[in-house]
């Protein structure tokens, strides 16, 4: 359900979602085992994730979608955001 909401306005389809950019921020408040949070995921959740035993889910709050995506090369996993990009993020919050 969350992925479907992401694809709603202001983007028309998944091809319109910016890549190579930070599109917003979110606060990570917890990390829980998938078995506890999604014991039997349904569609569309199952289509967009790996729900195997031993996996974890982040619990998020306070999402902020930026008006203007900020160009930035990311990385897999958690990574340090460059200082110049942090200044642009703070300007949009």
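Read-outs throughout are calculated quantities, based only on the coordinates presented, and are distinct from any laboratory measurement. Keep in mind that what you see is a predicted model, and the values were worked out from it rather than measured. Using ideal geometry, Cβ is built from the backbone for each residue, glycine included, and neighbour counts are taken over all protein chains shown.
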query: Can you sort 55, 61 so the residue with the fewest Cβ neighbours within 10 Å comes first?
result: 61, 55
- line: Per the rule of 0.36 nm per residue minus the C-alpha distance, extending residue 23 to residue 60 adds in nm 11.8 nm
